[in-house]
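Colleague: For reference, the structure I am asking about is given below.
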Amino acid sequence: MSGHNILQQLAREPEMAIVDPGDAGTIAVDRTLGICSIVTAGSETRKIASPERAGIIIALAFKTDGGDVAITGSGSEILNSGNGTETTATMADAGDLLVLMSIEKGANIVWSPIANNGAAMS
């Protein structure tokens, strides 16, 4: 990759896609700048894998709304929005988007929302 247009090159990379694991599955976080397009066929759940290090960015996009999807951490981490100890992000409408970044919080690494368009945190 060339430095003068690296963002454009990254945007064209097919490796950014993270497979939606389906109902009750765990979203694998094996790269940064990954996008998981979530499709539901009813009221469903997903877990997001625990981050292994700080600085990972992942986008969760609600692609097809067949019912709400509740997303939780797979370990003891929280989805830290700064308001407390939220553990769940619920998406209700196609087009909802949640962008998370892994950060250090005390001795732990947690997911922290850096952009939220429609996901209810609880």
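The values are calculated or read from the model by the stated rules, or taken from the named source; none is laboratory data. Remember, it's a predicted structure, so these values are computed and weren't measured experimentally. A quick note on method: Cβ atoms are made from the backbone with ideal geometry, for glycine too, and the neighbour counts reach across all protein chains shown.
Colleague: Does the range 106-122 hold any residues that are at pLDDT below 90 and surrounded by 14 or more Cβ atoms within 10 Å (Cβ to Cβ), and which are they?
Modeller: N108, I109, V110, W111, S112, P113, M121
Colleague: Next up: If you check T72, T40, T26, T87, which single one turns out to be surrounded by fewer than 16 Cβ atoms within 10 Å (Cβ to Cβ) and either hydroxyl-bearing (S, T, Y) or at pLDDT 90 or above (or both)? Before the answer, list the steps.
Modeller: Working: T72 fails: surrounded by fewer than 16 Cβ atoms within 10 Å (Cβ to Cβ); T40 fails: surrounded by fewer than 16 Cβ atoms within 10 Å (Cβ to Cβ); T87 fails: surrounded by fewer than 16 Cβ atoms within 10 Å (Cβ to Cβ).
Answer to the selection: T26.
Colleague: Give me the pairs: first residue in the range 109-120 and closer than 7 Å to V99 by Cα and in contact (Cβ under 8 Å) with a residue 40 or more places away in the chain, second residue surrounded by 15 or more Cβ atoms within 10 Å (Cβ to Cβ) and among the charged types (D, E, K, R), beta-carbon distance under 9 Å, and six or more apart or on different chains, which are they?
Modeller: Pairs found: none.
Colleague: A further question follows. Just to verify a result, which residue in the range 93-105, among those that are surrounded by 14 or more Cβ atoms within 10 Å (Cβ to Cβ) and more than 15 Å from A54 (Cβ to Cβ), is farthest from the chain's Cα centre (by Cα)?
Modeller: Going through the qualifying residues, I end up with A94.
Colleague: Follow-up. For the range 27-59, how many residues are assigned to a strand (DSSP E or B) and within 16 Å of M91 (Cα to Cα)?
Modeller: Initial filter on the range 27-59 (assigned to a strand (DSSP E or B)): 27, 34-39, 44-48, 57-59.
With the extra rule that they be within 16 Å of M91 (Cα to Cα), the set shrinks to 27, 35-39, 44-48, 58-59.
So the answer is 13.
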